[in-house]
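Trainee: Input: one structure, supplied below.
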Amino acid sequence: MPIKSIPTNTPTVNSLVPNQTSTQLEGTSQSEAVSIFFQAGSVARYKIGEQFARLPTPITAIGETSGIVGKVYLNKEGYVSDSETSVIIVDVQSLTSDENKRDNWVRRNGGIGSEIAIDVLEISGHSWPLPQTGDMKVSIKGDMTISEITNPVVWEGLLEIENKAISGTISTEITWDQFQLSKPRLPFIISVDDEIILELDVVAVIE
């Protein structure tokens, strides 16, 4: 899937709806804004059900890329900041799976473009101030743009905070038609599921 060009300003992620029940992160106070930066080790992934001609049962095609940049700004109340841009950018041209022909189709014929942009608008499930350690079951609402087509999406998953490090996986589900994408048409693929699961393995730091 394509990824949109990385903006001049560092990208970010939009809002988290705060709970008030966790141990405060050392070095922060409830009146301080927070920036969350994606780091090396973050991975974007797609999962698509396929039926191969040579196999008796369906398989799950998985493509991954580590080409991700992102930044999330939380204001003093713990919500996504209106004064900063929170966005995640994924370089889809670097997506690779176990099948070169599939990868070439995705890049050249899938209608995915070069980048995917996720504008984060709202996040719920985290405590405020952010805890020093602990798990957060988050829901992240945003607008995702693929090849100039934008639709609302909701990402959900479990994130873990350890001091000022964040890790975990969030996921969402889209369809080919939703973003006017083309399913792979290759001789060895009999059928492709209508649904696409997207995942982000998040590795980030809090500043």
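The values are calculated or read from the model by the stated rules, or taken from the named source; none is laboratory data. Since this is a predicted model, take the numbers as computed values, not measurements. In this analysis, Cβ positions are derived from the backbone assuming ideal geometry, glycine residues included, and neighbour counts consider all displayed protein chains.
Trainee: Considering every residue within segment 76-93, establish whether at least one is acidic (Asp, Glu), touching a residue at least 24 places away in the same chain (Cβ under 8 Å) and exposed (fewer than 15 other Cβ atoms within 10 Å of the Cβ). Write out each step before concluding.
Mentor: From segment 76-93, those acidic (Asp, Glu) are 77, 82, 84, 91; that's our starting set.
Next, only the ones that are touching a residue at least 24 places away in the same chain (Cβ under 8 Å) stay: 77, 84, 91.
Now restrict to residues that are exposed (fewer than 15 other Cβ atoms within 10 Å of the Cβ): 77.
Yes - at least one qualifying residue is present in segment 76-93.
Trainee: Next question, about the same structure. Do we have residue 21 as at pLDDT below 50, touching a strand residue (DSSP E or B) at 6+ places or on another chain (Cβ under 9 Å) and either of a type outside the set (Val, Ile, Thr) or closer than 22 Å to residue 137 by Cβ (or both) here? Quick ask: steps written out before the conclusion?
Mentor: Numbers: at pLDDT below 50: yes; touching a strand residue (DSSP E or B) at 6+ places or on another chain (Cβ under 9 Å): yes; either of a type outside the set (Val, Ile, Thr) or closer than 22 Å to residue 137 by Cβ (or both): yes.
So residue 21 passes the test.
Trainee: Next up: Select, from 171, 147, 139, the only residue that is farther than 25 Å from residue 111 by Cβ and either free of Cβ contacts under 8 Å to residues at least 24 places away in the same chain or within 17 Å of the chain's Cα centre (by Cα) (or both). Can you show your working first?
Mentor: Values: 171 fails: farther than 25 Å from residue 111 by Cβ; 147 fails: farther than 25 Å from residue 111 by Cβ.
Answer to the selection: 139.
Trainee: For residue 102, indicate whether it is on the phi < 0 side of the Ramachandran plot and either acidic (Asp, Glu) or out of contact with any Gly (no Cβ under 8 Å at 6 or more places or on another chain) (or both).
Mentor: Working: on the phi < 0 side of the Ramachandran plot: yes; either acidic (Asp, Glu) or out of contact with any Gly (no Cβ under 8 Å at 6 or more places or on another chain) (or both): no.
Judged against the criteria, residue 102 is not a match.
Trainee: Going by what's in this entry, would residue 190 be described as under 20 Å from residue 105 (Cα atoms) and touching a Lys or Arg at 6+ places or on another chain (Cβ under 8 Å)? Reasoning before the result, please.
Mentor: On the way: under 20 Å from residue 105 (Cα atoms): yes; touching a Lys or Arg at 6+ places or on another chain (Cβ under 8 Å): no.
No, not satisfied.
Trainee: Quick test of your reading of the structure: residue 85 fulfils all but one of (1) farther than 20 Å from residue 40 by Cβ; (2) modelled with pLDDT of 95 or more; (3) not in a loop (DSSP other than H, G, I, E, B). Name the failing condition by number.
Mentor: Status for residue 85: all satisfied but (3).
Trainee: Let me ask something else. If you go through segment 117-124 one residue at a time, do you hit one that is buried (at least 19 other Cβ atoms within 10 Å of the Cβ), more than 15 Å from residue 89 (Cα to Cα) and of a type outside the set (A, V, I, L, M, F, W, C)?
Mentor: For segment 117-124, residues buried (at least 19 other Cβ atoms within 10 Å of the Cβ), more than 15 Å from residue 89 (Cα to Cα) and of a type outside the set (A, V, I, L, M, F, W, C): absent.
Trainee: So the check is Cβ under 7 Å with 6+ separation or different chains; which pairs have a first residue in segment 27-47 that's at pLDDT below 95 and a second one that's surrounded by 18 or more Cβ atoms within 10 Å (Cβ to Cβ) and of a type in the set (Gly, Ala, Ser)?
Mentor: 33/81
Trainee: Please enumerate the residues belonging to segment 142-173 that are crowded, with 16+ Cβ neighbours inside 10 Å and in contact with a Pro (Cβ under 7 Å, 6 or more places away or on another chain).
Mentor: Passing the criteria: 146, 147, 161.
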